[in-house]
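The structure under discussion appears below in the form of structure tokens.
The values are calculated or read from the model by the stated rules, or taken from the named source; none is laboratory data. This one's a predicted model, so the numbers in the text were calculated from it and none came from an experiment. Here the Cβ is made from the backbone with ideal geometry for all residues, glycine too, and neighbour counts use every protein chain on show. When the accessible area is computed, the model is the full protein with side chains, heavy atoms only, and any ligands, DNA or RNA have been set aside. Shrake-Rupley method; radii C 1.70, N 1.55, O 1.52, S 1.80 Å.
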Amino acid sequence: MEKAKISASQLFILMVLFELGSAMLVPLAIRAKQDAWLAILLGMLGSFILFLVYHKLYTYYPNLLPTEYMQKILGKVLGTVLAFVYILYFMYDASRVLRDFGEMLLTFSYPDTPLFIANALLMLVIVYTVRKGIEVIARSGELLFIFMYVLAVGGFILIISSGLIEIKNLQPVLEEGLLPSVKVALSETLYFPFTEAIVFTMILPYLNDSKKAKVTMLCATGLSGINLVITMLINISVLGVNLTARSQFPLLSTVASIQVANFLERLDVFFMLAMVIGIFFKVTILFYAATIGTANLFKIKSPSMLAYPLGIVVLFLSVTIASNFQEHLHEGLYIAKFILHIPLFTIIPPVLLFIAFLQKRKGHGSKHI
């Protein structure tokens, strides 16, 4: 494990940037129509329960990476296999988000550029950052977090000033009752983007004050959830449900429609900057977790040695993962949910916690004897 420490505020910033990441890019929870904001809110609240599970495991093994304590809980063979599965997932998820970046860049302004080239440019920066370690990633996050929120607040003010918001597009609220929103929350927003943050269990051992971990995780998720709720409220109120659902990147369409006094317009570049920042940190954190996890699992003393070979794997996977963007979205929202998200986020961690609890209880019992 790298000898480094980050503060609670740095963890908070990284989690917010991670959870906003690619989630601001897509029409999140649009299957709930004008109640998409409610599905996001319910998904966020549901994720709090799972974060408490992740945190409890961390309190049992505060100085160990999950790749280590999985072996303590399940035994050497089974624990190693499970740890390797999580490492593969982090790499897979990093490649998916990298694909999001490439598709956005090509759609926005570089339609004739090969996807591989667009992804490779970002991946080079990410590999360089990961080689520098978690402290550099955290300090970069502090700087760019402020910049991203300045862009977000400025964009929000300009959208209101443009008179684009139509409140009637958000009505009627709960037209079909609460059930559709609950279904979307349990099938989509619970996993993407909130419990994807299970990757931070690989970073919690670097926290310099373990007592602040729980509050930091919950507050970061709360802030990112509120931001995503506001984003979808704005998208639907400006574009309407149908156009938001049809748009590949609804926030891009919303920002592109800003026009203030026939002077301020074509502000798509602000959208691009904010998205690049979010996606950069999401891929970086996933890739960092995969790198240190691999180094820990295979007893490699210098994790930075793995950055380039693993980076090449993620880059090629991002290009070959789907033949087009629609297939890519379908795979992420439906197929990956059942094969990866439900078992890795909602089933395995509680099982690990239950076994760890029994082991701890048995250990305390034997001490009393």
Inset, instruction - For S210, state whether it is open to solvent by 20 Å² or more (accessible area, probe 1.4 Å) and among the small types (G, A, S). - result: yes
Inset, instruction - Report yes if A83 is open to solvent by less than 10 Å² (accessible area, probe 1.4 Å) and at pLDDT below 95, otherwise no. - result: no
Inset, instruction - Among the residues of segment 246-257, count how many are buried (at least 16 other Cβ atoms within 10 Å of the Cβ) and in a helix (DSSP H, G or I). - result: 6
Legend entry - Filter result for the condition that a residue is aliphatic (A, V, I, L, M) and not in a helix (DSSP H, G or I), over L218, L243, L164, L228: L164
Inset, instruction - Exactly one condition in (1) among the basic types (K, R); (2) at pLDDT below 95; (3) under 22 Å from the mean Cα position of the chain (by Cα) is not met by K282; state its number. - result: (2)
Legend entry - Index of the failed condition, V136 passing every other in (1) surrounded by 14 or more Cβ atoms within 10 Å (Cβ to Cβ); (2) more than 18 Å from the chain's Cα centre (by Cα); (3) closer than 30 Å to L352 by Cα: (3)
Inset, instruction - Go through L82, L88 for me and flag whichever is over 30 Å from R246 (Cα atoms) and out of contact with any helix residue (DSSP H, G or I) (no Cβ under 6 Å at 6 or more places or on another chain). - result: L88
Legend entry - Test result for L204, out of contact with any His (no Cβ under 7 Å at 6 or more places or on another chain), open to solvent by less than 70 Å² (accessible area, probe 1.4 Å) and closer than 23 Å to V255 by Cα: no
Inset, instruction - Give the residue, chosen from M123, M148, that is more than 16 Å from A94 (Cβ to Cβ) and touching a Gly at 6+ places or on another chain (Cβ under 9 Å). - result: M148
Inset, instruction - Specify the residue that is farthest from the chain's Cα centre (by Cα); the eligible residues are those in segment 184-197 that are of a type outside the set (G, A, S) and open to solvent by 10 Å² or more (accessible area, probe 1.4 Å). - result: L186
Legend entry - Failed condition for I277, given (1) under 18 Å from the mean Cα position of the chain (by Cα); (2) open to solvent by less than 10 Å² (accessible area, probe 1.4 Å): (2)
Inset, instruction - Find all pairs meeting these conditions: Cβ atoms under 7 angstrom apart; at least six residues apart or on different chains; first residue within segment 225-252 and under 23 Å from R99 (Cβ atoms); second residue open to solvent by less than 30 Å² (accessible area, probe 1.4 Å) and among the small types (G, A, S). - result: L228/A23; M232/A29; M232/A36
Inset, instruction - Considering every residue within segment 100-117, establish whether at least one is open to solvent by 50 Å² or more (accessible area, probe 1.4 Å), among the acidic types (D, E), closer than 30 Å to K299 by Cα and more than 17 Å from the chain's Cα centre (by Cα). - result: no
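Among the residues in segment 60-80, are any under 30 Å from V238 (Cα atoms), touching a residue at least 60 places away in the same chain (Cβ under 8 Å) and surrounded by fewer than 22 Cβ atoms within 10 Å (Cβ to Cβ)?
The answer is no; no qualifying residue exists.
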Inset, instruction - Take segment 1-41 and flag every residue that is open to solvent by 30 Å² or more (accessible area, probe 1.4 Å) and under 17 Å from the mean Cα position of the chain (by Cα). - result: F12, L41
Legend entry - Output for segment 291-329, where each listed residue is surrounded by fewer than 17 Cβ atoms within 10 Å (Cβ to Cβ), in a helix (DSSP H, G or I) and of a type in the set (S, T, N, Q): S304, T320, Q326
Inset, instruction - Could you tell me whether any residue of segment 136-151 is in contact (Cβ under 8 Å) with a residue 40 or more places away in the chain, over 17 Å from M275 (Cβ atoms) and of a type in the set (K, R)? - result: yes
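Yes or no, residue by residue, for (1) of a type in the set (V, I, T); (2) under 24 Å from I6 (Cβ atoms):
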{"position": "N63", "(1), (2)": "no, yes"}
{"position": "L74", "(1), (2)": "no, no"}
{"position": "V81", "(1), (2)": "yes, no"}
{"position": "L106", "(1), (2)": "no, no"}
{"position": "A120", "(1), (2)": "no, no"}
{"position": "A138", "(1), (2)": "no, yes"}
{"position": "G141", "(1), (2)": "no, yes"}
{"position": "L144", "(1), (2)": "no, yes"}
{"position": "F156", "(1), (2)": "no, no"}
Legend entry - Near pairs, Cβ below 9 angstrom, 6+ apart or cross-chain, from segment 174-194 (under 19 Å from L228 (Cα atoms)) to any residue that is open to solvent by 30 Å² or more (accessible area, probe 1.4 Å) and of a type in the set (V, I, T): L190/T346; Y191/I342; Y191/T346
